[in-house]
Amino acid sequence: MPPLRTLCRLRGPDMNELVNMEPARVRVMVVDDHPLMREGIAAVLGIGGRHELVAEAADGREAVEQFVRHQPDVTLMDLQMPVMGGLDAIAAIRALAPQARIIVLTTYKGDVQVLRALKSGAMGYLLKSVLRTELGDAIDKVYAGQRHIPPEIAVELAAHIDADTLSARESEVLRFVAHGNSNKRVALALGIAEETVKAHMSTVLAKLGARDRTHAVTIAIRRGILEP
């Protein structure tokens, strides 16, 4: 049998390419309206050499454009952005590319917000407070086709799995109440009777298990029904 050196010479550069072959890096796009957050994520992605930042976007509309242009393996998506929010951007990207792998990055861990993201097509959900320690593993899991839901988020989901959801009108009434409006002012703004507003608020209190209006707003913000 010829020596190894002879084999390498006979096979030429193909053998050398095989020996020197490195695993392909996961191509990542970051979508967030805060430049400092994008810079921080870029720094985390540079650790370990497993991931490559290929595109950035500052709002949902730009995210859709950049996705089409760069076709990233994994997209990191903020939810609260100008022009187009994260949920709408996820839906738009998934409509163009059903196989798109998207991880939501957010400061909110409410179960309603999580469910909205997952229903829009996100495969992962990650709190911004743990990006430095968990981002790499989350990207790798989602790239491999798995979901990534942190334990504390899973607990929040399980705690409200049987909870009644608010209707669109109930959420709208609660949103007005959260801004300090009385029942009368809510009724005038929505063009409905004041008694109807009271009925909606009674239902909201029952569904959320709230003691009063202030408690209902607090619960709604914690669960992601309302934005803070």
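Overview of results
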{"read-out": "Surface share of carbon and sulfur [accessible, 1.4 angstrom probe, percent] for the chain", "value": "54 percent"}
{"read-out": "Surface per residue (accessible, 1.4 Å probe) for the chain, Å²", "value": "55 Å²"}
{"read-out": "Helix axis angle, 86-96 relative to the chain longest principal axis, alpha carbon, degrees", "value": "50 degrees"}
{"read-out": "J(HN,Hα) series, the range 108-113, from Karplus relation 6.51 cos²θ - 1.76 cosθ + 1.60, nearest Hz, glycine and proline x", "value": "9, 10, x, 5, 5, 4"}
{"read-out": "Loop sites in the range 160-228: trypsin sites (Lys or Arg not before Pro), DSSP, at most 11 other Cβ within 10 Å", "value": "Arg211"}
{"read-out": "Global geometry of the range 31-147, whether rounded, prolate or oblate, following the gyration tensor of its Cα atoms and the 1.5 cut on a/c", "value": "rounded"}
{"read-out": "Between helix 168-178 and the chain: long-axis angle, C-alpha atoms, 0 to 90°, nearest 10", "value": "80 degrees"}
{"read-out": "C-alpha long axis of helix 131-143 to longest principal axis of the chain, angle in °", "value": "70 degrees"}
{"read-out": "Calculated FRET value between Leu96 and Ser167, using beta carbons and R₀ = 30 Å, to 0.05", "value": "0.45"}
{"read-out": "Entries of Lys109/Lys198; Lys128/Lys184; Lys109/Lys141; Lys119/Lys207; Lys128/Lys207 with Cα pairs more than 31 Å apart", "value": "Lys128/Lys184"}
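The values are calculated or read from the model by the stated rules, or taken from the named source; none is laboratory data. As the structure is a computational prediction, the values presented were derived from the model and not from experiment. Because the Cβ atoms are built from the backbone with ideal geometry, glycine has one as well, and the counts that use them run over all protein chains shown. Quick note on the areas: whole protein, heavy atoms, side chains included, nothing else; ligands and nucleic acids left out. Shrake-Rupley method; radii C 1.70, N 1.55, O 1.52, S 1.80 Å.
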